[in-house]
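The values are calculated or read from the model by the stated rules, or taken from the named source; none is laboratory data. Just so it is clear, the model here is predicted, and its values are computed rather than measured. Don't worry about glycine lacking a Cβ; one is built from the backbone with ideal geometry, like all the others, and counts go over all protein chains shown.
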Amino acid sequence: MEVPRLVDHDQRRAELGEAAVRVILRDGLAGVTVRGVAAEAGWSTGSLRHYFRNQYELQAYVVQATTDALRRRVLPRVQRPRTRGSLVEQIADIVEEMLPLDAERREEYALWSAVVEWERRHPPEGGSETWSDQRALYRQCVAAVRGHEPVREPGRVALPHADAQVELWAAILHTFVDGLASQIVNTPGEVSAETAARLLRSLLEAVPRARSAEAG
């Protein structure tokens, strides 16, 4: 008697997520179809429909898997200790992880763009996770430039800072980085990596220091 082969459904869904990420990098979110992902994964469309009934379910899963993948890729780089150079230089080094300055970060920008496209079509009820993650990062960066101690409690990172100037400049930095990233990708002949680095540092230097930080 033949023993039925056990199927690890979580593993298979993970494989599908990886295949879908490859499709996004090649064809964008529009390429994430049942047929397209099945072909990339080497599955039949019937097998894929066992996991996802339609394209909406598939894309929703892929967007969440992509969001998780971006966190796994970016967070370790962002959280790496930095001790060399001035405070502004250290903060700029962190923020540059969000800019498409090399092949790896250009891939991440393409994935992030697919998530943004999905959220534009299907606004999340609780708001954008990727937007919230980015704003929390910029809030921490601006707070550091202004001389505040970092927020270490995970539940407080996404909350508005008590310093109104931190909130204002976090919004400015967020908008600036999004625009700069778009220019790097869409007009690379006009905005080089060196230009991007210089502009970023100029903006961070313009962040007003808190009085206590200035006194120190």
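At least 3 residues being under 29 Å from ASP102 (Cβ atoms) and assigned by TED's automatic domain parsing to the domain that holds ARG105 is the threshold, and among the helices (runs of 4 or more DSSP H) wholly inside segment 150-216 those reaching it are 164-186, 193-206.
For (1) at pLDDT 90 or above; (2) within 25 Å of LEU168 (Cα to Cα); (3) among the small types (Gly, Ala, Ser), each residue gets a yes or a no:
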site	(1), (2), (3)
VAL63	yes, no, no
LEU70	yes, no, no
PRO100	yes, yes, no
GLU104	yes, no, no
TYR109	yes, yes, no
TRP112	yes, yes, no
ALA136	yes, yes, yes
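Looking only at segment 158-177, decide whether some residue is within 23 Å of GLU18 (Cα to Cα), touching a Leu at 6+ places or on another chain (Cβ under 9 Å) and surrounded by fewer than 18 Cβ atoms within 10 Å (Cβ to Cβ). No: zero hits. Residue count for segment 85-140, restricted to those that are under 15 Å from VAL74 (Cα atoms) and among the acidic types (Asp, Glu): 9. Can you say whether GLU40 is surrounded by fewer than 20 Cβ atoms within 10 Å (Cβ to Cβ), over 27 Å from ALA197 (Cα atoms) and touching a Lys or Arg at 6+ places or on another chain (Cβ under 7 Å), as far as the supplied structure shows? Here the answer is yes, as GLU40 does meet what is asked. Whenever a residue of segment 114-142 is crowded, with 18+ Cβ neighbours inside 10 Å, its partners that are of a type in the set (Asp, Glu), lying with C-beta atoms within less than 8 angstrom and at least six residues away or across chains, give the pairs THR130/GLU119; ARG139/GLU167.
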